[in-house]
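Engineer: Questions regarding the structure given below will be posed in turn.
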Amino acid sequence: MSIVSMLSIDFLKLVFFALIIASPVAYFFMHQWLQDFAYRIDISWWVFALAGVAAVLIALITISFQTIKAALANPVKSLRTE
């Protein structure tokens, strides 16, 4: 379990860092693009929050799956193929 948490923390830091960079850039470009339409709408903050939560969940599921798969693998089989 500690291996999963150590890997998760490292990858989640990267996901949060990417969200911090991507959210303002996406807001700027989406705001500019939406201004060209006749019926203008504003982008809500919850759209970016939902995207962030989805990215974090996908990262957690992927990391957990890969870590559990590696933990359950037979090390002899891995050494034999290398």
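Engineer: Would you mind checking the tilt of helix 2-34 against the longest principal axis of the Cα atoms of the chain, expressed as 0 to 90 degrees and rounded to 10?
Structural biologist: Helix 2-34 and the main axis of the chain meet at about 20 degrees.
Engineer: Next question. What is the calculated FRET efficiency for ALA71 to SER23, with r their C-beta to C-beta distance and R₀ = 35 Å, to the nearest 0.05? Show your work: numbers first, answer last.
Structural biologist: Numbers: r = 34 Å, r/R0 = 0.97.
Efficiency computed from Cβ-Cβ geometry: 0.55.
Engineer: Based solely on C-alpha atoms, express the radius of gyration and the Dmax of the range 2-81 in angstrom.
Structural biologist: Over the range 2-81's Cα set, Rg and Dmax evaluate to 19.2, 65 Å.
Engineer: Compute the helix-to-body angle for 45-72: its Cα long axis versus the longest principal axis of the chain, expressed 0 to 90° and rounded to tens.
Structural biologist: Once rounded, the angle reads 10 degrees.
Bear in mind that the values in this text are calculations on the coordinates, not laboratory data. Since the structure is predicted, the reported quantities are computational estimates derived from the model, not experimental observations. Quick reminder, even Gly has a Cβ in these numbers, built from the backbone with ideal geometry, and neighbours come from all protein chains shown.
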